[in-house]
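Visitor: Have a look at this one before I ask anything.
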Amino acid sequence: MRIVVFGGDGFCGWPTSLHLSNLGHEVKIVDNLSRRNIDNELECQSLTPISTISNRIQTWKEISNKHIEFENLDIATEYCRLLDLLTNYKPDAVVHFAEQRAAPYSMKSPKHKIYTVQNNLNATHNILCAIVESGIDIHLVHLGTMGVYGYTTSGMKIPEGYLDVEIPSESTRLKSRILYPASPGSIYHMTKTQDALFFQFYSNNDGLRITDLHQGVVWGTNTKETNLDERLINRFDYDGDYGTVLNRFLMQSAIDFPLTVYGSGGQTRAFIHIQDTVKCIQLALENAPKSGEPVHIFNQVTETFRVRDLAELVAQLTGTPVQRVDNPRIEADENELEVENEKFMKLGLDPITLSEGLLMEIKQVAEKYSHRCDKDKIMPKSKWRN
Ligand SMILES: NC(=O)c1ccc[n+]([C@@H]2O[C@H](COP(=O)([O-])OP(=O)(O)OC[C@H]3O[C@@H](n4cnc5c(N)ncnc54)[C@H](O)[C@@H]3O)[C@@H](O)[C@H]2O)c1
């Protein structure tokens, strides 16, 4: 396939681009490098030393003899260039990672709220609009989040995107299939719930073929391909805004910094290893919806854990103490979370589950680069409410 990866310089997008290229697909990365600029704004770099995008691509060429193209383009603001790109490159599929993805960053200030809304909604809508205008039959695979379902105990196994309901009326009960009610917990999550409505509209109105992946919290850093050369190394975010919970704990244990559990730590979240992320995207691309089919929605998760249990596990393995921190977020202190993930399992996903070996491997990566850590960036600084 010929595939455009929007956001292909990011934490999930870079390993996915390499994985798809390794499988023999023709890959073009489109990214405006805004995430690298946010590193500059926050004065915090990835723990791992990531190479420039040209260096990454040149290294991949040396190692695999495969070429990945790159174009620096802001898909939220440069609609005409985006349309030209689709019209000229004629991809079979596009994978859309190109959004501001940190909930804490989206809640930092009015400026950050507005940026997240403008960037994420325009990025998604511009892609949809350009696919229609190009007249090319392009399959869109989008990275959404489990957070669209909300994190309060639902009393049921969260289905994959849709809910079958009965609407009581005076004479009869009408059956309907609706999008699972959205319940965003941050401005970032709100943009993802709006994305889902865009997809429903463009699927119904224009017959676009769309797959929306409701992904859990990603952990791990390297994949088979990024491990091939240090210049291909993936990002490792550890700061209070961008660091995801398990990676933060592993990094904190690497520098003997007490593990930061927000509130009671009773929050249950869904997780997936970065190697499974790239596999799931491959499976989604290989199993595209047919024209006229409703949006395919998959829960891209492999396990669920309570945050304090994860902290205890890392504490036992590494001897690092746990510290309770005031929760900067407005969220349920305790919640149950059961999630269906049958669709990817049926397509052949063999999940990588949390193991002592893998945790220690990630801790070793964190130890290797611990001299790059700025301890001042570890504690959460963005608050949901002042
Ligand atoms: N990392 C996780 O744990 C996680 C969990 C669930 C869902 N997701 C979703 O996966 C996607 C990728 O996440 P990530 O962790 O790789 O994030 P990331 O910030 O590392 O990568 C996003 C990339 O998109 C680029 N980008 C952003 N706006 C753009 C624009 N307007 N034009 C062009 N490029 C733009 C950035 O420069 C960056 O390289 C996001 O949409 C996120 O919501 C991530």
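Quick note: the coordinates plus some simple rules give every number you see, no bench work behind them. Quantities reported herein were computed from a predicted structural model and do not represent experimental measurements. Virtual Cβ from ideal backbone geometry, glycine too; neighbours counted across all protein chains shown.
Visitor: Please work out which residue is nearest to the ligand (Cβ to nearest atom), limiting yourself to the range 158-196 and to residues that are closer than 24 Å to ILE281 by Cβ and assigned to a strand (DSSP E or B).
Guide: ILE158
Visitor: Is there a residue in the range 197-204 that is assigned to a loop (DSSP other than H, G, I, E, B), away from the ligand (no atom under 11 Å from the Cβ) and over 30 Å from LEU358 (Cβ atoms)?
Guide: no
Visitor: Cβ-Cβ below 9 Å, separation at least six or inter-chain, first residue in the range 61-80 and at negative phi, second away from the ligand (no atom under 16 Å from the Cβ) and small (Gly, Ala, Ser): which pairs?
Guide: SER64/SER21; LYS66/SER21; LYS66/GLY24; HIS67/SER21; ILE68/SER21
Visitor: What is the one condition in (1) surrounded by 12 or more Cβ atoms within 10 Å (Cβ to Cβ); (2) without any contact (Cβ under 8 Å) to a residue 24 or more places away in the chain; (3) of a type outside the set (S, T, N, Q) that PHE344 does not satisfy?
Guide: The single condition PHE344 does not satisfy is (2).
Visitor: Can you tell me which residue among GLY243, GLY266 is within 19 Å of GLY147 (Cα to Cα) and crowded, with 23+ Cβ neighbours inside 10 Å?
Guide: GLY243
Visitor: So VAL94 clears everything in (1) in a loop (DSSP other than H, G, I, E, B); (2) farther than 27 Å from ASP241 by Cβ; (3) in contact (Cβ under 8 Å) with a residue 60 or more places away in the chain except one condition, right? Which one?
Guide: Of the numbered conditions (1) in a loop (DSSP other than H, G, I, E, B); (2) farther than 27 Å from ASP241 by Cβ; (3) in contact (Cβ under 8 Å) with a residue 60 or more places away in the chain, the odd one out for VAL94 is (1).
Visitor: Name the residue that is farthest from the chain's Cα centre (by Cα), counting only residues in the range 132-157 that are within 14 Å of PRO91 (Cβ to Cβ), more than 16 Å from the ligand (Cβ to nearest atom) and among the hydrophobic types (A, V, I, L, M, F, W, C).
Guide: If we take residues in the range 132-157 being within 14 Å of PRO91 (Cβ to Cβ), more than 16 Å from the ligand (Cβ to nearest atom) and among the hydrophobic types (A, V, I, L, M, F, W, C), then ILE136 is farthest from the chain's Cα centre (by Cα).
Visitor: Would you pick out the residues in the range 347-386 that are under 21 Å from TYR188 (Cα atoms) and touching a residue at least 24 places away in the same chain (Cβ under 8 Å)?
Guide: Selection gives LYS377, ILE378, MET379, PRO380, LYS381, SER382, LYS383, TRP384, ARG385.
Visitor: Which members of the range 46-71 meet the condition of being farther than 17 Å from GLY10 by Cα and not polar (S, T, N, Q)?
Guide: Those that are farther than 17 Å from GLY10 by Cα and not polar (S, T, N, Q): LYS61, GLU62, ILE63, LYS66, HIS67.
Visitor: Quick one: which residue in LYS224, LYS279 is closer than 15 Å to CYS12 by Cα, more than 12 Å from the ligand (Cβ to nearest atom), touching a residue at least 60 places away in the same chain (Cβ under 8 Å) and not in a loop (DSSP other than H, G, I, E, B)?
Guide: Matching residue, one of LYS224, LYS279: LYS279.
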